[in-house]
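S.K.: Please read through the structure below; I'll follow up with questions.
The values are calculated or read from the model by the stated rules, or taken from the named source; none is laboratory data. All of these numbers come straight from a predicted model, not from anything done at the bench. Counting neighbours? That spans all protein chains shown, and the Cβs are built from the backbone with ideal geometry, glycine included. What goes into the accessible areas is simple: the full protein's heavy atoms, side chains included, and nothing from ligands, DNA or RNA. Shrake-Rupley method; radii C 1.70, N 1.55, O 1.52, S 1.80 Å.
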Amino acid sequence: MNSSSAGPETVGVNGCPLAHPPSGDGDAGPGYSDLLRLDELLALPPGPTELHDEHLFYVAHMIYELWFKVILDELECARDSMFTDDVPRALYCLRRVGTVERVLVGQVEVLETISPGSFAKLRPFLYQASGIQSVQFREIEFLSGLKDEHHLARGDLRPADRASLKRRLAEPSLGDAFRDLRRRHGDPDLAELLRVEIPDSDLLAVAEALTDHDELFSIWRSRHVHMVERIIGAKPGTGGSSGVHYLRSTLNERFFPELWEMRTRL
Ligand code: HEM
C-alpha cells in the first residue's frame, strides 16, 4: 500500500498497480465496463467452435477458478487471524468461505445441463486438460491441511504452478493455526465444549466453521462425481485418471479428521 499523504493511490491493497488510479482531481473515472475490464474478460473463453456447449463449459470453469481465488484469500485470512488470536476476523473469513462453497455446489447443476452427446463432441477439443490439473483446487486442499505430495509429481504441472504448490506445502495449514489457537486458549477438550446444549465457546465456533468448510468441500466432491457420471459414465477422464472410479476414491478425504472424530466421544 502506498502512503495516503503522497497523493492518490496508484497501487491496490495487494501491491498490484491499479488499472485506473484515481487522479484526485475530481474526474469521473472509468465506468462499469472499463473498471471491470469487460472487453478483455468477455473475450477470454477459448473457441469458438460450432459446438453449442463449448462456451458454457469454459465459462463455468473460469468462474470456479475466480471463486477458488476468493476462497484461498479468505482461508489465508482465517489462518493468519487464528495465529494472531483474532477470532472475530477468523470467523468473518470462514463464513464467507462457506457461503462461496455453497455457490460452488449449486453451480454443478449448470454443468449437468450439458448432455452426454454434446460433451462427447466437445471432449476432443479439451485434449488432456482436466480439473485434476487445477492448481488453486490443490492449494485449497494443501492450505486446509490435506497435503498429498504426489500432486507435485504430475508431469503436466507448469513450473510456476509447482512452485505455488511447494510454497503451500511448506507453509502452515488451517489445522496448524487452529491447534495454535487452541493451545493459547488452554487446550480444552473440544468434545467437552460440544457437550453443552447451546455451544457458547469462541473456540468451538471456529471449530464448527472449519467443519463447515470441510463438509461443504466434501459435498462439492460428491456433487461433482455425480455430475461426471451422468455425463461420461465410467469412461476415463481427459486428465488421465480412471474418471468416476478415481473421483469416488477421494470422497472420504477430510481436512480436519479430529473435528469429526471428537463427536463419537460425546
Ligand atoms: C462436464 C463437466 C465436467 C466433467 C465431465 C468433469 C470430469 C472430471 C473427471 C473425469 C475428473 C477425473 C480426472 C481426469 O480428468 O482424469 C475430474 C476431476 C476434477 N474436476 Fe471435473 N469435470 C467437469 C467439470 C468440472 C468443473 C466445472 C470443475 C471446476 C473447477 C471441475 C474440477 C475438477 C477437479 C478439481 C478435479 C480433480 C478432483 C480431485 O483430484 O480430487 N470439474 N473431472
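S.K.: If r is the Cβ-Cβ distance from Ala120 to Ala163 and R0 is 35 Å, what FRET efficiency results, to the nearest 0.05?
M.R.: 0.45
S.K.: Right, next: With a Förster radius of 51 Å, plug the Cβ-Cβ distance of Lys235 and Ile198 into 1/(1 + (r/R0)^6) and report the FRET value to the nearest 0.05.
M.R.: With a Förster radius of 51 Å, E is 0.55.
S.K.: Also: Would you mind pulling out the separation of the Cα centroids of segment 26-63 and segment 206-266, in Å?
M.R.: 30 Å
S.K.: Quick check for me: using +1 on Lys/Arg Cβ and -1 on Asp/Glu Cβ, what's the dipole size of the chain about its Cα centre, in debye to the nearest 20?
M.R.: Charge dipole, the chain, about its Cα centre: 960 debye, nearest 20.
S.K.: Determine the dipole magnitude for segment 214-266: charges of +1 sit on the beta-carbon of Lys and Arg, -1 on that of Asp and Glu, nothing else is charged, the reference point is the Cα centre, and the result goes in debye to the nearest 20.
M.R.: In total the dipole reaches around 200 debye.
S.K.: Rounded to the nearest percent, how much of the accessible area of the chain (1.4 Å probe, protein heavy atoms only) is carbon and sulfur?
M.R.: 57 percent
S.K.: OK, next. Need one number: nm distance between label points at Ile219 and Glu109, each 7 Å from Cα along Cα→Cβ, rounded to one decimal.
M.R.: In this crude spin-label approximation the distance works out to 1.3 nm.
S.K.: Sort the following peptides by mean Cβ neighbour count (other Cβ atoms within 10 Å, averaged over residues), highest first: 163-171, 137-145.
M.R.: Details: 163-171: 14.4, 137-145: 21.8.
Taking the mean over residues of other Cβ atoms within 10 Å, the ranking is 137-145, 163-171.
S.K.: Apply the Karplus parameterisation 6.51 cos²θ - 1.76 cosθ + 1.60, with θ equal to phi minus 60°, to every residue of segment 53-58 and state each ³J(HN,Hα) to the nearest whole Hz, in sequence, with x for glycine and proline.
M.R.: 9, 4, 4, 4, 4, 5
S.K.: So what is the 222 nm mean residue ellipticity for the chain from helices alone, if each DSSP H run of at least 4 adds -39500 (n - 2.57) and you divide by all residues, rounding to the nearest 500 deg cm²/dmol?
M.R.: That comes out to -17500 deg cm²/dmol.
S.K.: In a shell of Cβ-Cβ distance under 13 Å around Arg195, excluding Arg195 itself, what net charge do Lys and Arg (+1) and Asp and Glu (-1) give?
M.R.: Summing Lys and Arg as +1 and Asp and Glu as -1 gives -2.
S.K.: Also, quick follow-up: Using a Förster radius of 45 Å, what is the FRET efficiency between Leu251 and Asp25 based on their Cβ-Cβ separation? Nearest 0.05, please.
M.R.: Result of the calculation: an efficiency of 0.20.
S.K.: Another one. Can you give me the relative contact order of the chain as a percent, contacts being Cα pairs under 8 Å and 6 or more apart?
M.R.: The normalised contact order for the chain reaches 20 percent.
S.K.: Under 30 Å Cα to Cα from Lys147, which lysines show up? Leave out anything in the same chain fewer than 8 places away.
M.R.: Lys69, Lys166, Lys235
S.K.: Per residue, what accessible area does the chain have, given a 1.4 Å probe and all protein chains present, in Å²? The partial results should precede the final answer.
M.R.: Values: 15540 Å² over 266 residues.
Per residue, the chain has an accessible area of 58 Å².
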